Amino acid sequence: MTAFPLRVGPLHAPGYTIGRSGVRWLVDDGHRCKPGEPIAYCNIGVRPSSPPYDRVPFPDESHDLQIAFAPRVSGTLRKADLVSYGGFLDQLTSHQTWLPELTIGHLEFAPGERPPPSRTASELRPLFLAGRRTTNLAEGQIGLLAGWFDRSRAWWGEGDRFRTILSVGLCEQLGIFRGERNAFLELFAALPGPIHFVFVPDDVIVPCARTLLEQFRRTPAELAAIADDLVRTFSAGSRDGRELLFAGALLAALSQSPLRDRYNVLMRAGLRTAGPADAVVLSLTAEGADVLRHRRLGYTLNLWEFRVAENGPGVRTWLDENFEKVPVSCDDVRRDYAALVDAVRAEREVEFFVLNRMSSAIEDDVHGYALFERPLGDLLASVRKKELNLMVHDLAREGKLTIVDLDRAAAKFGGAAHLPDGIHQTRALADELRGEVLRLLRKRQVI
Amino acid sequence: MPLSLTLPRLNAYMTTAVIRAVYVREGERVTPGAKLLDLSVDLSASAPHDCPAISYYRIASRDRGWVRSVAVAPGDERAVGDELLALAGDSSERPARTTIAGILYQPDWP
């Protein structure tokens, strides 16, 4: 039986030294590997090799930069000894120097299978992963992209040019993009070509079109006024630590615009830059029936009520005293979407995708709409969802966006079993929607 | 015929609901479409959930009749199967009927 080495291969970053942790395994010894399937990973550190030493290429992600390894050919894995140390040494980003010849294991081939003749075939494909911590207190190097990140991303480290796909996600996008292991692995298993996926969660701000547009347009002066207001409010009186953390995370979120983000990426051939996003995936679920508007400063907040409730009474008091509730009609959402798409496209070409709503009402037993006040879309959730779905259909016809038909997929699989609360899916439904997203990305020639 | 309206199981994961609004009083006449109650269901009440799905519902009358009794007030939390109110329908042949529908998310803030 032939043993085929699995080498990590070279990483070039002129002016920098690359270190790594011990190797951690994602599969067991004896696993039948598939081409492109990540089987192991380690943390890496990219440090300047000469002064000044503070010019790090991943300033917000230096603690959580990882590389996963995927064989190029199928075979049965035999792990090498002494590449994993266990414990903390498998977490330290620069415990070992990066050596291209490091062999983390071998593939064995079944009788009749032939190892590929090329030496480069034994070089593992590098999948890079990076997380930007919401706070540097949120250490969590216990796994692939483990930790509290306000942005996480991954990319294949080979090829010259790749596209960036941004998921501005609610929970319903988490399973589609980050998948079962929370590390984009299913997406990259399906996409061998160069590609860069970015996920921005809804931990603080729920990313509706209006808040995204405001983030996109926010000026430094407007941000300074918001910061001043937050600092004055939350530095006064006796404050709960949770409130201060919430206020800090909120200010950080308001300071960012996911649609303007640029990214550093490490490739086999060296450091590159990427972004802003070539495609953006939004969730119609983010478009609630109302938003909050700051009475004096005029900016919009869209928050989960449970987050406010969990983070101390001061947050709620601040909202009560400074914000007004603004109803958002279906027409308002349409205007917000159009304004967002137009504003971004005025600067660059971007494809927008929107997951629509599951419009089936699992719990309703409505026999006749005559029993309910009109307009029905202002009262009944199922009617509002149907109206929103029709609205995005109109926008799709105008070329503003492409619909990812969650409604159809939920009907096909059964909403009660696979989307029981309307947002959180089963793996099967997430797999289906991931396939649909990829199909649409190809159809729109993003990938 | 009277109807004892109990809290239905609206979701397999649901255990309780919170009464958000009560629109009728004991002895009040109701007609088809009369609002009876609004309630919210927080699925994290049954199992801890980082992202609790909170849904709101309205129960309305489908028949003419009378409110015989009201067993809940806004803010009350009730378990599945608990009585919410009792209705007496005008029909002597079948119990009074109600309907329930999901309504738009209604956070009680600011």
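The values are calculated or read from the model by the stated rules, or taken from the named source; none is laboratory data. Since the structure is predicted, the reported quantities are computational estimates derived from the model, not experimental observations. With ideal geometry, Cβ positions are generated from the backbone for all residues, glycine too; neighbour counts draw on all protein chains shown.
A:GLY30 versus (1) assigned to a strand (DSSP E or B); (2) out of contact with any helix residue (DSSP H, G or I) (no Cβ under 7 Å at 6 or more places or on another chain); (3) at pLDDT 95 or above; (4) not polar (S, T, N, Q): which is the lone unmet condition?
Result: A:GLY30 passes all but (1).
Which of the residues belonging to segment B:70-82 are more than 19 Å from B:ALA12 (Cα to Cα) and of a type in the set (Asp, Glu)?
Filtering segment B:70-82 down to residues more than 19 Å from B:ALA12 (Cα to Cα) leaves B:70-76.
Matches in segment B:70-82: B:ASP76 only.
Restricting to segment A:319-331, count the residues that are in contact with an Asp or Glu (Cβ under 9 Å, 6 or more places away or on another chain), in a helix (DSSP H, G or I) and within 28 Å of A:PHE352 (Cβ to Cβ).
Step one: filter segment A:319-331 for residues in contact with an Asp or Glu (Cβ under 9 Å, 6 or more places away or on another chain), giving A:322, A:325-330.
Now restrict to residues that are in a helix (DSSP H, G or I): A:322, A:330.
When the remaining residues are screened for being within 28 Å of A:PHE352 (Cβ to Cβ), the result is A:330.
Residues that pass the stated criteria total 1.
Which ones in segment A:98-133 are among the charged types (D, E, K, R), in contact with a Gly (Cβ under 8 Å, 6 or more places away or on another chain) and outside any strand (DSSP E or B)?
Applying the first criterion (among the charged types (D, E, K, R)) to segment A:98-133 yields A:101, A:108, A:113-114, A:119, A:123, A:125, A:132-133.
With the extra rule that they be in contact with a Gly (Cβ under 8 Å, 6 or more places away or on another chain), the set shrinks to A:108, A:113, A:123, A:125, A:133.
Within segment A:98-133, A:GLU113 is the sole residue that qualifies.
How about segment A:291-316: which of its residues are surrounded by 14 or more Cβ atoms within 10 Å (Cβ to Cβ), out of contact with any Asp or Glu (no Cβ under 9 Å at 6 or more places or on another chain) and assigned to a helix (DSSP H, G or I)?
Scanning segment A:291-316 gives A:VAL308, A:ALA309, A:ARG316.
Among what's in segment B:48-81 and is farther than 22 Å from B:ARG97 by Cα and within 14 Å of chain A (Cβ to nearest Cβ), pick the residue that is surrounded by the fewest Cβ atoms within 10 Å (Cβ to Cβ).
B:PRO48
Identify the residue in segment B:82-106 that is surrounded by 20 or more Cβ atoms within 10 Å (Cβ to Cβ) and under 29 Å from A:ASN311 (Cβ atoms) and, among all such residues, is farthest from the other protein chains (Cβ to nearest Cβ).
Within segment B:82-106, the match that is farthest from the other protein chains (Cβ to nearest Cβ) is B:ILE103.
As an exercise: evaluate A:SER359 against (1) surrounded by fewer than 20 Cβ atoms within 10 Å (Cβ to Cβ); (2) part of a loop (DSSP other than H, G, I, E, B); (3) not hydrophobic (A, V, I, L, M, F, W, C) and give the number of the one condition it does not meet.
Of everything listed in (1) surrounded by fewer than 20 Cβ atoms within 10 Å (Cβ to Cβ); (2) part of a loop (DSSP other than H, G, I, E, B); (3) not hydrophobic (A, V, I, L, M, F, W, C), A:SER359 misses just condition (1).
Just to be sure I understand the filter: pairs with C-beta atoms under 7 Å, separated by 6 or more residues or on different chains, first member in segment A:396-423 and among the hydroxyl-bearing types (Ser, Thr, Tyr), second member part of a loop (DSSP other than H, G, I, E, B). Which pairs pass?
A:THR402/A:ARG444
Would you point out which residue out of A:GLY399, A:GLY368, A:GLY414 is modelled with pLDDT under 95 and more than 9 Å from chain B (Cβ to nearest Cβ)?
Details: A:GLY399 fails: modelled with pLDDT under 95; A:GLY368 fails: more than 9 Å from chain B (Cβ to nearest Cβ).
Criteria check complete, one pass: A:GLY414.
Among the listed residues A:VAL383, A:VAL350, A:VAL354, identify the single one that is buried (at least 16 other Cβ atoms within 10 Å of the Cβ), more than 29 Å from the chain's Cα centre (by Cα) and more than 7 Å from every other protein chain (Cβ to nearest Cβ).
Working: A:VAL350 fails: more than 29 Å from the chain's Cα centre (by Cα); A:VAL354 fails: more than 29 Å from the chain's Cα centre (by Cα).
Just one listed residue meets the conditions, A:VAL383.
Residues in segment B:20-34: is at least one facing chain A (nearest Cβ under 9 Å) and surrounded by fewer than 17 Cβ atoms within 10 Å (Cβ to Cβ)?
If we filter segment B:20-34 for residues that are facing chain A (nearest Cβ under 9 Å), which is where we start, we get B:32-34.
Right, trim to surrounded by fewer than 17 Cβ atoms within 10 Å (Cβ to Cβ) and you get B:32-33.
Checking segment B:20-34: at least one residue is facing chain A (nearest Cβ under 9 Å) and surrounded by fewer than 17 Cβ atoms within 10 Å (Cβ to Cβ).
State the number of residues belonging to segment A:157-190 that are at pLDDT below 95 and part of a strand (DSSP E or B).
Selection size over segment A:157-190: 1.
Evaluate the following for A:THR93: is it in contact with a Leu (Cβ under 9 Å, 6 or more places away or on another chain) and at pLDDT 90 or above? First the steps, then the outcome.
Numbers: in contact with a Leu (Cβ under 9 Å, 6 or more places away or on another chain): yes; at pLDDT 90 or above: no.
So A:THR93 fails the test.
In segment A:6-27, how many residues are assigned to a loop (DSSP other than H, G, I, E, B), β-branched (Val, Ile, Thr) and buried (at least 19 other Cβ atoms within 10 Å of the Cβ)? Give the derivation first.
Of segment A:6-27, the ones assigned to a loop (DSSP other than H, G, I, E, B) are A:8-15, A:21-23, A:26-27.
From the residues that got through so far, the ones that are β-branched (Val, Ile, Thr) too are A:8, A:23, A:27.
So of that shortlist, the ones also buried (at least 19 other Cβ atoms within 10 Å of the Cβ) come out as A:8, A:23.
Qualifying residue count, segment A:6-27: 2.
Which of (1) surrounded by fewer than 19 Cβ atoms within 10 Å (Cβ to Cβ); (2) within 14 Å of another protein chain (Cβ to nearest Cβ) does A:ASN264 not meet, given it meets every other one?
For A:ASN264, the failing item is (2).
Looking only at segment A:274-290, filter to residues that are assigned to a strand (DSSP E or B) and modelled with pLDDT under 95; which one of those is surrounded by the fewest Cβ atoms within 10 Å (Cβ to Cβ)? It would help to see each step written out before you state the result.
We begin by selecting, within segment A:274-290, every residue assigned to a strand (DSSP E or B); these are A:274, A:279-283, A:290.
After this cut, where a residue has to be modelled with pLDDT under 95 as well, the list is A:274, A:290.
Numbers: A:ALA274: 21, A:ASP290: 17.
The residue in question is A:ASP290.
Can you report the number of residues in segment A:275-294 which are over 20 Å from the mean Cα position of the chain (by Cα) and either over 22 Å from B:TYR105 (Cα atoms) or more than 12 Å from chain B (Cβ to nearest Cβ) (or both)? Reasoning before the result, please.
Of segment A:275-294, the ones over 20 Å from the mean Cα position of the chain (by Cα) are A:288-294.
Pick out the ones that are also either over 22 Å from B:TYR105 (Cα atoms) or more than 12 Å from chain B (Cβ to nearest Cβ) (or both) and you get none.
So the answer is 0.
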